[in-house]
Amino acid sequence: MSPLMITGLVRHPIEVPPQGMRVPRLDRVEDFHCLEGWVRPNQAWSGFRLAKLVGLAALPDAQFVEIASGNFVAVVAFSDMESHHILLADTRNGQRLKESTGGPWRLVLSGAACCQNVKNVERITVVRESLGETARTLALSRINKS
């Protein structure tokens, strides 16, 4: 598996976690609510604050970050990154994330719709203008098919 890179409108690509290890880890415990109506209480996430990782290389005119797994894309505005404490997690409940649990990297957005918590993050791209988010539409289409 190739390393996760932060690319796009950056001074230089950032490999996560090797270059990200200069950024302190963040731990957070919160309930996880799914659009399907179920809840997983007290999920302990650990990883890196996305704003700190992106801040290592983003150019001044960058406005958005696209976090993707295949065609499943969540978009976060730079103006929202700090206030929402967005986490790029590699562990949950003290265990390394596996592919089946959304690993090796998973986006965790406090208070956001669960579909924005991208599992199996493959790429992070810093952009001036976003091409648009597909996460909510794809997640709702999966629910409506069942």
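Assorted remarks:
- The lone exception for GLY8 - which of (1) surrounded by 20 or more Cβ atoms within 10 Å (Cβ to Cβ); (2) under 18 Å from VAL108 (Cβ atoms) it fails: (2)
- In region 80-104, of all residues being without any contact (Cβ under 8 Å) to a residue 12 or more places away in the chain and open to solvent by 60 Å² or more (accessible area, probe 1.4 Å), the one that is nearest to the chain's Cα centre (by Cα) corresponds to ASP80.
- Subset of region 105-130 that is in a strand (DSSP E or B) and basic (Lys, Arg) - its residue that is nearest to the chain's Cα centre (by Cα): ARG106
- Residue in region 77-92 that is of a type in the set (S, T, N, Q), at pLDDT 90 or above, touching a helix residue (DSSP H, G or I) at 6+ places or on another chain (Cβ under 8 Å) and more than 14 Å from LEU50 (Cα to Cα) present: no
- Evaluation of ILE67 against (1) within 19 Å of LEU131 (Cβ to Cβ); (2) open to solvent by 20 Å² or more (accessible area, probe 1.4 Å) (one fails), failing number: (2)
- Annotation: of all residues in region 34-54 being under 20 Å from SER69 (Cα atoms) and among the aliphatic types (A, V, I, L, M), the one that is surrounded by the most Cβ atoms within 10 Å (Cβ to Cβ) is LEU50.
- Residue in region 20-33 that is over 12 Å from the mean Cα position of the chain (by Cα), within 16 Å of PRO104 (Cα to Cα) and surrounded by 16 or more Cβ atoms within 10 Å (Cβ to Cβ) present: yes
The values are calculated or read from the model by the stated rules, or taken from the named source; none is laboratory data. Note that this is a predicted model, so its numbers are computed, not measured. Positions of Cβ are generated from backbone atoms using ideal geometry, with glycine treated the same way; all protein chains shown enter the neighbour counts. Heavy atoms of the whole protein, side chains included, go into the accessibility calculation; ligands, DNA and RNA do not. Shrake-Rupley method; radii C 1.70, N 1.55, O 1.52, S 1.80 Å.
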